[in-house]
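Every number in this text was worked out from the coordinates using simple rules, so none of it is lab data. This is a predicted model, so every value here is computed, not measured. No Cβ is skipped: glycine too gets one built from the backbone with ideal geometry, and neighbour counts run over all protein chains shown.
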Amino acid sequence: MTYEELSKKCNALQRECDKKKDELRQQYAIEHNPVKFGDIITDHYHTIKVETMGMYGRPVPYMRFVGEELTVKGVPKKRQPILPNPVYQPDIKTINGEPYKWEEV
């Protein structure tokens, strides 16, 4: 075995390990996600109706939510932002009107 072959095998193992770590992080974030599609969530800045969600954060993974911004009355704003402002799970204050506190590990 040459040094180049050793290096290639080590790099392949590292990529495989990183992929498995990402899968575990995603699984953790999904298992600890209290929000469902269509829920109305509020953070310190705005209220949205959840349309999409994805994993975010390291070393402790959590979810990131994007959706249509709502007014105080709960109806969609007439002028939606061009780039939607996401809501991150640690910043959530309420889910469907119920208080929520993110438990940091």
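Converting phi to 3J(HN,Hα) with the Karplus coefficients 6.51, -1.76 and 1.60 and the offset θ = phi - 60°, the range 64-77 yields 10, 10, 9, x, 6, 6, 10, 7, 4, 7, x, 9, x, 5 Hz in sequence order, with x at every glycine or proline. Computed from the coordinates I sent, Rg/Rh (Cα atoms, Kirkwood Rh) equals one of (i) 1.40; (ii) 1.20; (iii) 0.94. Tell me the label. Working out Rg/Rh (Cα atoms, Kirkwood Rh) from the coordinates points to (ii). The mean sequence distance of close C-alpha pairs (under 8 Å, at least 6 residues apart), as a share of the length of the range 12-105, puts its relative contact order at 24 percent. Relative to the first principal axis of the alpha-carbon coordinates of the chain, what is the inclination of helix 3-31, with its axis defined by its Cα atoms, in degrees from 0 to 90 and to the nearest 10? Relative to the chain, helix 3-31 is tipped by roughly 20 degrees.
Counted by Cβ distance under 12 Å from Gln14, the other residues give a net charge of +4, where Lys and Arg count +1 and Asp and Glu count -1.
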